[in-house]
1. What number goes with the only condition from (1) without any contact (Cβ under 8 Å) to a residue 24 or more places away in the chain; (2) of a type outside the set (Lys, Arg); (3) open to solvent by 70 Å² or more (accessible area, probe 1.4 Å) that Val210 does not pass?
2. Pull out all pairs, ordered by first then second residue, where Cβ-Cβ is under 7 Å, the residues are six or more apart or on different chains, the first lies in region 74-87 and is within 9 Å of Asp40 (Cβ to Cβ), and the second is part of a loop (DSSP other than H, G, I, E, B).
3. Could you please tell me which pairs satisfy a Cβ distance under 7 Å, a separation of 6+ or placement on different chains, a first residue in region 395-416 that is over 14 Å from Arg331 (Cα atoms), and a second residue that is surrounded by 14 or more Cβ atoms within 10 Å (Cβ to Cβ) and hydroxyl-bearing (Ser, Thr, Tyr)?
4. For region 264-286, check the following and say yes or no: at least one residue is farther than 30 Å from Leu185 by Cβ and either at pLDDT below 75 or polar (S, T, N, Q) (or both).
5. Quick test of your reading of the structure: Glu138 fulfils all but one of (1) modelled with pLDDT under 50; (2) touching a strand residue (DSSP E or B) at 6+ places or on another chain (Cβ under 6 Å). Name the failing condition by number.
6. Would region 54-73 turn up any residue that is open to solvent by 40 Å² or more (accessible area, probe 1.4 Å) and under 17 Å from the mean Cα position of the chain (by Cα)?
7. For the subset of region 356-393 comprising residues that are at pLDDT 75 or above and open to solvent by less than 40 Å² (accessible area, probe 1.4 Å), which member is nearest to Gly102 (Cα to Cα)?
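The values are calculated or read from the model by the stated rules, or taken from the named source; none is laboratory data. Just so it is clear, the model here is predicted, and its values are computed rather than measured. Please note: Cβ atoms are built from the backbone with ideal geometry, for glycine as well, and neighbour counts cover all protein chains shown. Quick note on the areas: whole protein, heavy atoms, side chains included, nothing else; ligands and nucleic acids left out. Shrake-Rupley method; radii C 1.70, N 1.55, O 1.52, S 1.80 Å.
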Amino acid sequence: MAAMMVSRAPPPAHHASRASSTRAIKRAKGSLVGLFSAEDYPNDALRRGDEGTVGVRLTIGTDGRTSRCAVTASSHSPSLDAATCRILTERAGFAPARDRRGKPTIDHYAQRITWQIPESSPSSSSSPPPSPPMTSAERAIGEKVIQRALAAMSALNARGGTAVTRAKGSLVGLFSAEDYPTDALRRGDEGTVAVQMLIGADGRVSRCVVTTSSHSPSLDAATCRILTERAGFTPARNRDGKPTTDHYSQRITWRIPAAPPILFADTTQALVMMVPVSGEPACTLNFTGAQAPTISKADCARMLPNWKSFLSILAIDFVAPYRIFSLDEMRLGDLLPATPDPQRTIRGGAALTIDPEGKISDCRPIAALSLNGDDGASLCDGKSEMRFPALPATDKLRAPRTLTMIRSLRYEALPPTASGTTPPK
């Protein structure tokens, strides 16, 4: 059995995507970890004991399929690198990115896949008979891989079976951020839970026992509950080829996901681009009370032509060094455009409805503020992840609130001596 862990390279912040030429970023259809299983581990990589992490960059077509896969960080195992691209190209599906007109467009997606041979295979408490003789090729395998192969063969012979239990897909992929127990989140509980499951002849989990606790009863209980409800297995078989019961061990690690920023009603969030005399532009994204991760220089450079196009109606010369502000101004109730500014142009507006819990339940573009070819719909992209202060339980009305948002671009010339290497605070 082999284990694969998947992590996604940090994507550009949603606000950076909205300022670029696309209005909706691509999203994977389901967890990519579920695309990999133990059976996908290349045989030659197993024989050599190859392990490692593969970084790839996928080109996603307008049909949501992977049209190209390039390895950006090798695992130093050609077999693992090739298997990563092959599996993602064959199995991964995406909701494609969309341009300002709402049409599907080509985009890229970064992914990291970790291949790791587990320390042991499911074992039996019975004393196994001697393992069959190893071939000369097996003798050449490294000490670690030989021990794992022997453990697997011994467990198989002890059961008198012809096939061991196999999980249907990755069990890690059965868990999502929404499964995190509320009380564990409040306490900040994190940890790893090790369990042993009894797999019935029907391939379902009939019993789950925690063998190593995370020291959080909520996380321990949630692990067994989710695996019992969702996990499916190809059951073990006896000598007659009939399904039989078996045991399966698994470790699940719980980590509190990064929370979306809490944005207050009357605020301005700014994406600031600094364009130096020479070199690449640099961007930073600022929220009220917190600063978001810095945007990559590549994504920053891709936004510059689009921003200059919107500002072109102001007859600006764009003499470096200079900086451009993409401002999202948010106010409860109606928000009218500010006093006319010769260096500022309105890109669009939207009306957001905030429910009593502080979540955005609706977002509608304001046609009267949709200027310069921007339909305003891009302002609603990613807004479902934003949070606002919830109304207190003592508020008898607890009625939805309306928030108005205006997006604008503002140009600011800088003195020739201004530094272009660090975004302004």
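1. Against the list (1) without any contact (Cβ under 8 Å) to a residue 24 or more places away in the chain; (2) of a type outside the set (Lys, Arg); (3) open to solvent by 70 Å² or more (accessible area, probe 1.4 Å), Val210 comes up short only on (3).
2. If the second residue must be part of a loop (DSSP other than H, G, I, E, B), the pairs left are Ala83/Pro42; Ile87/Phe36.
3. These pairs meet every condition: Pro400/Thr353; Ser408/Thr345; Leu409/Ser326; Leu409/Thr345; Tyr411/Tyr322; Glu412/Tyr322; Ala413/Tyr322; Leu414/Tyr322.
4. yes
5. (2)
6. Pass one, region 54-73, residues open to solvent by 40 Å² or more (accessible area, probe 1.4 Å): 57, 62-63, 65, 67-68, 71-72.
Checking which are under 17 Å from the mean Cα position of the chain (by Cα) leaves us with 57.
Within region 54-73, one or more residues are open to solvent by 40 Å² or more (accessible area, probe 1.4 Å) and under 17 Å from the mean Cα position of the chain (by Cα).
7. The extreme case among them is Cys363.
Matching residues to (1) under 20 Å from Ala167 (Cβ atoms); (2) at pLDDT below 90; (3) touching a strand residue (DSSP E or B) at 6+ places or on another chain (Cβ under 7 Å); (4) open to solvent by 70 Å² or more (accessible area, probe 1.4 Å):
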position: Arg187; (1), (2), (3), (4): no, yes, no, yes
position: His215; (1), (2), (3), (4): no, no, yes, yes
position: Leu227; (1), (2), (3), (4): yes, no, yes, no
position: Ala231; (1), (2), (3), (4): yes, no, yes, no
